[in-house]
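A.B. asks: Starting off with a structure, shown below.
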Amino acid sequence: MKRSFHALIIDDEPTIRALVAEVLTSDGWAVSQVATAEDALFMMADREWSLVFCDVVLGGPDGYSVLRQFSDLQPSARFILMTGHGSAAGALEATSIGAYDYLQKPFEIDDILRISIGIRDQLQTRRKTSKQKDETRAYESDLSLIGTAPKFVECLKMVGRVAGTNLAVLITGESGTGKEVVARAIHQRSKRSSFRFVTVNCGAIPTELIESELFGHAKGSFTGADRERMGLWEEATGGTLFLDEITETNPLFQVKLLRALQEGEIRRVGSNRTVKVDVRVIAASNRDIEKEVENGRFRQDLMYRLNAVTIHLPTLRERREDIPLLAEYFVREVAGVANAPQFSAETNKIMQKYEWPGNIRELENAVLHAVSLSDDIIYPEHLPARIRYSGDADRRSVTRATPNEVSGHQIDQEWLPLAELEREYVAKVLAHTGGNKQAASRILNIDRKTLARIINRS
């Protein structure tokens with residue numbers, strides 16, 4: 001069999017090289033193997049490679065460095081990064097600078113075959129085309145996209161692939177899953193990153209004001225319009241407009257939104273003049289947009305215009321292995337790296353069992369609550385009560401009962417003491433003030449010493 005397609009395997013582990021080589025050879029590839037980045041770059045000058053499997057950690061220059069070289073000099077090569085320490089941020093970085101795929105070790109033979117067959121079929125049916133690559137970045141994540149859960153890694157692969165395009169993107173997922181963070185990741189890795197990223201919370205703007213906020217208004221167009229005003233859509237020209245909670249808009253406004261997307265122009269309220277705008281739109285919703293269409297609350301044509309690419313973010317309970325990583329990140333953000341307290345094993349266990357209906361946002365608030373009450377170690381008692389007792393059905397039933405439903409000895413033994421309730425309330429106020437004790441003292445109408453005494457009470 002004539003082997004017209006060439007594959008290069010770069011890994012300092014002989015067993016991994018041999019496995020990948022055997023699978024590719026059996027599928028019709030002409031395979032070469034090297035152990036170092038230096039040898040790989042030497043081989044790169046030797047021929048045009050159709051497929052490259054490369055480990056991230058090579059002992060010298062890493063796989064990202066090799067990927068950048070291939071992206072510049074052989075952009076048609078399909079590049080697969082392999083890693084034993086995969087993460088969502090790594091997947092995003094890899095795909096955004098040109099990787100075809102990102103495999104986490106240990107992978108299966110079927111994973112290699114899936115990639116091999118897919119790429120070989122592409123090469124057989126289509127001439128190789130050169131793809132212009134975005135300007136590459138050093139491998140150092142600039143976003144709080146933390147996690148190693150497979151569902152989240154796959155999600156971030158998609159983010160990396162669509163970032164360099166100009167397609168409209170619809171991001172779905174429950175509240176608190178990080179939709180705006182992902183939208184910013186797309187913007188920051190796009191050709192529009194030097195322009196503005198403008199956020200519009202469609203659910204927070206009154207219906208009668210949203211058109212003016214988004215498109216602007218002419219002087220005298222309504223009571224109080226004493227000057228001409230540019231809307232947020234125009235402010236985002238050249239950059240990205242993020243429309244959060246897009247399903248909260250009404251059908252009348254959706255018609256105007258559709259026209260703006262189709263025509264690339266907007267008209268200020270009260271004006272007859274249209275303004276051309278060059279904006280990439282990313283929309284988000286915590287609702288099922290297709291059900292909203294079925295129920296007549298959202299226009300089908302607008303849905304199709306917005307979801308050229310749909311990215312669904314997993315809930316935190318679907319990526320429980322990421323909870324300790326995220327919690328540690330939030331601790332460092334609040335307390336600083338030098339003063340960051342550690343989580344006890346029992347605290348981590350409780351956090352991973354909790355369902356987190358508020359997802360990452362709820363976890364962040366819970367960590368802030370815990371940090372405000374702890375010293376060097378975060379123990380279970382520093383967590384909000386709803387998290388501490390979420391797995392204790394008996395405790396939950398008692399705390400929800402009325403005094404008439406509980407016997408006297410149960411009140412004495414199982415109801416929360418007043419001092420603990422007081423400390424819980426103080427912690428909520430501190431969370432609200434972002435840990436600012438002076439502001440919390442003003443809200444509680446107590447002095448700083450009293451506040452400190454409540455916080456430190458055992």
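The values are calculated or read from the model by the stated rules, or taken from the named source; none is laboratory data. Keep in mind that this is a model prediction, so the values were computed, not measured. Here the Cβ positions follow ideal geometry from the backbone for every residue, glycine too, while neighbour counts run over all protein chains shown. SASA here: full protein model, heavy atoms, side chains in, ligands and nucleic acids out. Shrake-Rupley method; radii C 1.70, N 1.55, O 1.52, S 1.80 Å.
A.B. asks: What is the Å³ per residue value for the convex hull set by the Cα atoms of the stretch 197-346?
C.D. replies: So the per-residue Cα hull volume is 175 Å³.
A.B. asks: If you average over every viewing direction, what projected area does the convex hull of the Cα atoms of the chain give, in nm²?
C.D. replies: 30.1
A.B. asks: Grab the beta carbon distance between Lys449 and Leu325, set R0 = 56 Å, and tell me the FRET efficiency rounded to 0.05.
C.D. replies: Working from the Cβ atoms, E equals 0.90.
A.B. asks: Expected output is a single nm value to one decimal: the length gained when fully extending between Glu13 and Arg361, i.e. 0.36 nm times separation in residues minus the C-alpha distance. What is it?
C.D. replies: Stretched fully, the Glu13-Arg361 segment lengthens by 121.2 nm.
A.B. asks: For the pair Glu154 and Ser271, how long in nm is the line joining their label points, each one 7 Å along Cα→Cβ?
C.D. replies: 4.5
A.B. asks: Additional query: If you average the sequence gap of Cα pairs under 8 Å that are 6 or more apart and divide by the length of the chain, what percent do you get for the contact order?
C.D. replies: Here the relative contact order equals 11 percent.
A.B. asks: Write down the Å³ per residue value for the convex hull defined by the alpha carbon atoms of the stretch 48-113.
C.D. replies: About 86 Å³ per residue, rounded to a whole number.
A.B. asks: With each pseudo-label sitting 7 Å past Cα toward Cβ, what's the Asp376-Asn456 distance in nm, one decimal?
C.D. replies: It is 1.6 nm.
A.B. asks: In Å, what Rg and Dmax follow from the Cα atoms of the stretch 330-391?
C.D. replies: So, for the stretch 330-391, Rg and Dmax equal 10.8, 33 Å respectively.
A.B. asks: Out of the total accessible area of the chain (probe 1.4 Å, heavy atoms of protein only), what percent is carbon and sulfur?
C.D. replies: Solvent-exposed carbon and sulfur of the chain make up 48 percent of the total.
A.B. asks: Around Arg287, what is the net charge, scoring Lys/Arg as +1 and Asp/Glu as -1 over all other residues with Cβ under 15 Å from its Cβ?
C.D. replies: Net local charge, Arg287 excluded: -4.
A.B. asks: Can you work out D for the stretch 223-302 in µm² s⁻¹ from Stokes-Einstein, where Rh is the Kirkwood radius over C-alpha pairs, the temperature is 37 °C and the viscosity is 0.692 mPa s?
C.D. replies: This corresponds to a translational diffusion coefficient of 236 µm²/s.
A.B. asks: For Leu421 and Glu318, compute 0.36 nm times the residue count separating them, minus their Cα-Cα distance, and round to one decimal in nm.
C.D. replies: Here the answer is 33.9 nm.
A.B. asks: Leaving out ligands, DNA and RNA but keeping every protein chain, what accessible area does Glu38 have, in Å² rounded to the nearest 10, with a 1.4 Å probe?
C.D. replies: The accessible area of Glu38 comes to roughly 100 Å².
A.B. asks: If each of Gln124 and Phe253 carries a label point 7 Å out from its Cα toward its Cβ, how far apart are those two points in nm?
C.D. replies: Modelled inter-label distance: 5.2 nm.
A.B. asks: Continuing with this model, one more query. According to the square roots a ≥ b ≥ c of the eigenvalues of the Cα gyration tensor, what is the shape class of the stretch 175-241, taking rounded for a/c under 1.5, prolate for a/b larger than b/c otherwise, and oblate for the remainder?
C.D. replies: Note, shape of the stretch 175-241 comes out oblate.
A.B. asks: Rounded to whole Å and sorted largest first, list the principal axis extents of the Cα atoms in the stretch 288-329.
C.D. replies: 43, 20, 13
A.B. asks: For the stretch 276-401, I need the span (max minus min coordinate) of the C-alpha atoms along each principal axis, in Å, sorted largest to smallest.
C.D. replies: Result, largest extent first: 55, 43, 22 Å.
A.B. asks: Right, here's the next one. With N set to the residue count of the stretch 1-82, report its C-alpha Rg divided by 2.2 N^0.38 Å to two decimal places.
C.D. replies: Against the compact-globule rule of thumb, the ratio is 0.99.
A.B. asks: Can you work out the PRE-style zone for Ser26? Point 7 Å along Cα to Cβ, and I want the residues of the stretch 95-110 with backbone N under 12 Å.
C.D. replies: Within reach of a label on Ser26, which here means backbone N under 12 Å from a point 7 Å along Cα→Cβ, the stretch 95-110 contributes 109-110.
A.B. asks: Run lengths n ≥ 4 of DSSP H only: what is the helix-derived mean residue ellipticity at 222 nm for the chain, with -39500 (n - 2.57) per run over all residues, to the nearest 500?
C.D. replies: It lands at -13500 deg cm²/dmol.
A.B. asks: Please compute the per residue accessible area over the stretch 182-239 with all protein chains in place, 1.4 Å probe, rounded to a whole number of Å².
C.D. replies: For the stretch 182-239, the per-residue accessible area is 50 Å².
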